[in-house]
Amino acid sequence: MINPKHVGRIYVLYGDPVAHNSQGLSVDSLQSLLGARINGDVWDGYVDFTERADPDNQKFIDSENTGVSDISYEPNVRFSKSVGKSSLEISMLSENKIPKVTDAVLFPEEAELEKMMLNLKNLGIKATIFGGGSSVTGGVSQKPADTSVSIDTSKLKSFEMNNRIAVIGGGMTGFQAENEAARRGLTLGFFPESFMHSSVAGWVSTMASGQESNRYGDIEDLVLGVEIVRSDGTIRDSITPRNSIGVSGKAIALGSEGRNGIISKVYFKTHKKTEERKYSSFFFKSFSDAIESVSKLDTFPDVLRISDSLETEIALSEAGSSVMKKVLDKYLGVRGFKSGCIAIAIDSGNSYKNIRENAAKISSTPAKMWEMTRFERPLVANLLWKSGMVVDTLETSVSWEKAFELYLKVKNTFNELLASCNIKGFIMSHMSHQYREGCCLYFSFVLNTPKKTEHLQVFRKEIVSAFLKSGGSLSHHHGIGTQLSGYLDESHTRLMEMLADPVLS
Ligand SMILES: Cc1cc2nc3c(=O)[nH]c(=O)nc-3n(C[C@H](O)[C@H](O)[C@H](O)COP(=O)(O)OP(=O)(O)OC[C@H]3O[C@@H](n4cnc5c(N)ncnc54)[C@H](O)[C@@H]3O)c2cc1C
């Protein structure tokens, strides 16, 4: 018999419910762009979960059958291990559209993984791996199977040093792993904005990129090898400074997004902590000037982020009408940089000194402020969601010569859509993660619409199409998850199918 059972309220926005907003953010500019009050009183970020669970299905997933001693059937646990942090999921949840919820959550110890995968295969149960749950692409959504489970990796939390290599349990969060490294005077050098919540194996599986990638590299540069547990056995990479021994576990783990096995251990390079960091901030007259100037550099600061004029205006509105802001406005006006684009640079070398062409140096405060708040900035989106808005980000990688054209195409596409949907909203962008060949362009947009999910889907589709038509990639670092996988060409889809584990596909 199926019983409806009301289980209460679950917070679905990013981060902690109490850390909900953006102290100091001036909402005036947002209100005028969106034509709405931004005071967070439309939605509290919680969802009422009324479930209709089938207890028989759950009984079948017990410790004896799966080989995992710790299993949760608690509705709120199952719910929160079935959703990630993508805007599509949040938008649907805000409209009370509840996605498929897993039948059970397994919390395996490392020693239970092999048996569990084999058992799940024999039982015909499909599984989704849940790391930090910060996926923004529907990566932790449930499979459309009769019986499905979530495998939570939070018990995979070991950390040990093997010479200069950190051997890290895949379920450790970035924050925990970096703390362990820091206790030894080292750093992993990997700082995604989701650093507090995302897991080390999650980074590998989504091909993530940290904010200091210019210095330390992207995830593929930092990982020497992995252990990956599949239903047909475990692949353990041999760990040497480099090797040339055929296809590795690392090769099938990178970008696997939970399909090719459970990444149980990650062998991470470490670095000595940098003694000195130099902070500087600049202004460019326009985004095209900024792209052109940076494209000519041979080396880049550890962090270099350049905002377009709208992102700059919103960022500076945080300074309100302070004396410092007035002085800055005056200075920029006199130098012809009014309505320009702010760049912040953090460097342990001297690459920041090369940013001279077309740029005006200003106080280093914006760079320092950015660093101080860098893991809290996503919480600004919570205030917008709570004010009834839809917020999303999409990012791409593009060569220097096509970057500005792509930027314009995305903005024009977005503005045309606003007009055709007859709604208010805005889009802004910044450039980050520079390479000799090109950069990442990161777009954030907000919509004020009563048709949240419907419009979000339309805008996402058109923006991604604009990326692809302009020579950009599907993603630079968020991955594709379930939401963008439909854009893959046939050869890549086939490759993914070939590598996929039957339990996870
Ligand atoms: C506010 C915010 C900021 C973000 N900033 C960045 C950023 O700066 N850079 C960046 O690259 N990304 C960023 N992201 C995206 C996200 O944090 C990354 O994709 C991250 O790598 C996901 O890690 P996770 O542990 O949360 O994975 P999850 O969300 O749990 O899972 C993501 C995918 O990895 C799979 N997976 C998880 N653990 C394992 C495992 N042990 N073995 C195999 N597969 C596994 C899952 O099945 C899923 O397909 C951000 C997300 C948010 C919400």
Residue hits (the stretch 49-99; among the small types (Gly, Ala, Ser) and either assigned to a helix (DSSP H, G or I) or modelled with pLDDT of 95 or more (or both)) are Ser63, Gly67, Ser69, Ser72, Ser80, Ser82, Gly84, Ser86, Ser87, Ser91, Ser94
Does the stretch 315-330 contain at least one residue that is crowded, with 19+ Cβ neighbours inside 10 Å, within 16 Å of the ligand (Cβ to nearest atom) and of a type outside the set (Asp, Glu)?
-> no
Look at Ser148 and say whether it is under 20 Å from the mean Cα position of the chain (by Cα) and small (Gly, Ala, Ser).
-> no
Inspect the stretch 155-164 for any residue being near the ligand (Cβ under 9 Å from one of its atoms) and either assigned by TED's automatic domain parsing to the domain that holds Ser91 or in contact with a Ser or Thr (Cβ under 9 Å, 6 or more places away or on another chain) (or both) and give the result as yes or no.
-> yes
Could you tell me which residue of the stretch 442-469 is farthest from the ligand (Cβ to nearest atom), considering only residues that are over 16 Å from Ser87 (Cα atoms) and buried (at least 20 other Cβ atoms within 10 Å of the Cβ)?
-> Ala466
Go through the residues of the stretch 184-191 one by one and say whether even a single one is basic (Lys, Arg) and touching a Leu at 6+ places or on another chain (Cβ under 9 Å).
-> no
Can you find a residue in the stretch 238-253 that is buried (at least 24 other Cβ atoms within 10 Å of the Cβ), within 23 Å of Lys155 (Cα to Cα) and among the aliphatic types (A, V, I, L, M)?
-> yes
Just checking, which of Met372, Met431 is without any contact (Cβ under 8 Å) to a residue 24 or more places away in the chain and within 18 Å of Pro301 (Cα to Cα)?
-> Met372
Could you check how many residues of the stretch 8-28 are β-branched (Val, Ile, Thr), in a loop (DSSP other than H, G, I, E, B) and modelled with pLDDT of 85 or more?
-> 1
When (1) within 23 Å of Leu13 (Cβ to Cβ); (2) assigned to a helix (DSSP H, G or I) are applied to Met428, the one that fails is (2)
Quick check: anything in the stretch 436-451 under 29 Å from Val204 (Cα atoms) and among the basic types (Lys, Arg)?
-> yes
Mind checking which pairs have a first residue in the stretch 112-131 that is surrounded by 20 or more Cβ atoms within 10 Å (Cβ to Cβ) and a second that is of a type in the set (Phe, Trp, Tyr) and at pLDDT 95 or above, Cβ under 9 Å, 6 or more apart or different chains?
-> Gly131/Trp203
Determine, yes or no, whether Ser86 is within 16 Å of the ligand (Cβ to nearest atom), closer than 21 Å to His197 by Cβ and in contact with a Lys or Arg (Cβ under 7 Å, 6 or more places away or on another chain).
-> no
Residue that is of a type in the set (A, V, I, L, M, F, W, C) and in the same structural domain as Ser194 (by TED's automatic domain parsing), where the choices are Ala127, Ala104, Ala145, Ala177 | Ala177
Kindly establish whether Met389 is under 21 Å from the mean Cα position of the chain (by Cα), under 20 Å from Ala315 (Cα atoms) and buried (at least 20 other Cβ atoms within 10 Å of the Cβ).
-> yes
Considering residues of the stretch 297-329 that are more than 24 Å from Phe443 (Cβ to Cβ) and of a type in the set (Lys, Arg) only, the residue farthest from the chain's Cα centre (by Cα) = Lys326
Hits in the stretch 115-140 (condition: within 11 Å of the ligand (Cβ to nearest atom) and over 16 Å from Ala500 (Cβ atoms)) = Phe130, Gly131, Gly132, Gly133, Ser134, Ser135, Val136, Thr137, Gly138, Val140
Of the residues Ala367, Ala359, Ala403, which is over 21 Å from the mean Cα position of the chain (by Cα), within 15 Å of Ile291 (Cα to Cα) and not assigned by TED's automatic domain parsing to the domain that holds Thr449?
-> Ala359
The stretch 279-301 - residue that is touching a Lys or Arg at 6+ places or on another chain (Cβ under 9 Å) and part of a strand (DSSP E or B) and, of those, farthest from Ile346 (Cα to Cα) | Phe283
In the stretch 333-354, the residues that are more than 24 Å from His271 (Cβ to Cβ) and not charged (D, E, K, R) = Gly333, Val334, Gly336, Phe337, Ser339, Gly340, Cys341, Ile342, Ala343
Within the stretch 253-266, is there a residue that is farther than 28 Å from Gln483 by Cα, modelled with pLDDT of 95 or more and either within 12 Å of the ligand (Cβ to nearest atom) or part of a loop (DSSP other than H, G, I, E, B) (or both)?
-> no
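The values are calculated or read from the model by the stated rules, or taken from the named source; none is laboratory data. Treat the numbers as computed from the prediction; the structure is a model and nothing was measured. FYI the Cβ positions are ideal-geometry reconstructions off the backbone, even for glycines, and counts take in every protein chain you see.
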